[in-house]
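Right, one structure below, let's go through it.
The values are calculated or read from the model by the stated rules, or taken from the named source; none is laboratory data. As the structure is a computational prediction, the values presented were derived from the model and not from experiment. Cβ atoms come from the backbone with ideal geometry, glycine included; neighbour counts cover every protein chain shown. For the accessible areas, the whole protein counts, side chains as well, though only heavy atoms, and no ligand, DNA or RNA atoms are used. Shrake-Rupley method; radii C 1.70, N 1.55, O 1.52, S 1.80 Å.
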Amino acid sequence: MVDMTPEQMAAIHRACFTTPRPWSASEIAGLLDSRHCFACFAENSFLLGRAVAGEAELLTIAVSPDSQGRGIGAALIDLFLGAARQAQCEQAFLEVAANNPAAIHLYLKKGFTQTGQRPDYYLLPDGNRVAALNFTCTL
């Protein structure tokens, strides 16, 4: 298992995201300080999750651009679902920008189904807006 500092995680997050905006090292450290949050790591990649009250939330997943397309995201989702089951969660959920087809495909492949949508939720760098899609998975 690879381990990373919040600074390393923030650098990867910055390389992966403009929408939603990338998280800072202090934001990531704050999440990791919560007793309900956990991290899963893989080569140049990470996932942050939260498990509370029987539900697991996938907060973010970031696979370094030079590591994408090699199954690392799928492996991280498997780690997340395993951690959620270990925490005795019955349901997992997440939110993803509608303009992220690679992530949507991955979530569907891993057993998530779309359960909702928040229109015009994310602000794009060009000033336009894109919907947030809500997905859930029964564990």
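So which GluC sites (Glu not before Pro) in the stretch 35-128 are both in a DSSP loop and have at most 15 other Cβ atoms within 10 Å of their Cβ?
Working: sites: GLU43, GLU55, GLU57, GLU90, GLU95; in loops: GLU43, GLU90.
The qualifying sites are GLU43, GLU90.
Give me the one-decimal nm value for the distance between modelled label points at PHE17 and THR136, 7 Å along each residue's Cα-to-Cβ direction.
2.3
Determine the principal axes of the Cα atoms in the chain, then give the extent along each, sorted from largest to smallest and rounded to whole angstroms.
40, 33, 29
Return the FRET efficiency for the residue pair GLU90, GLN114: r is the Cβ-Cβ distance, R0 is 30 Å, and the value is rounded to the nearest 0.05. Please list the in-between numbers first.
Details: r = 19 Å, r/R0 = 0.63.
E(calc), rounded to 0.05, equals 0.95.
Could you work out what % of the accessible surface of the chain is carbon and sulfur, using a 1.4 angstrom probe and leaving DNA, RNA and ligands out of the count?
Values: 3740 of 7480 Å².
Summing carbon and sulfur atoms, their accessible area is 50 percent of the total for the chain.
Which whole-number percentage describes the relative contact order of the chain, with Cα contacts under 8 Å and a sequence gap of 6 or more?
Details: 250 pairs, mean separation 28.2, N = 139.
With pairs under 8 Å counted, the relative contact order is 20 percent.
If I require 18 Å or longer along the helix axis, counting alpha carbons, and a Kyte-Doolittle average no lower than -0.5, what helices from the chain are left? Use full DSSP H segments. It would help to have the intermediate numbers written out before the result.
Numbers: long enough: 72-86 (21 Å, 1.21).
Flagged H segments are 72-86.
Could you pull out which residues in the stretch 1-42 have an amide N less than 16 Å from a spot 7 Å beyond the Cα of ALA75, following the Cα-Cβ vector?
1-4, 40-42
At 1.4 Å probe size, with every protein chain present, just tell me what the per residue accessible area of the stretch 32-112 comes to in Å².
Working: 3960 Å² over 81 residues.
I get 49 Å² per residue for this part.
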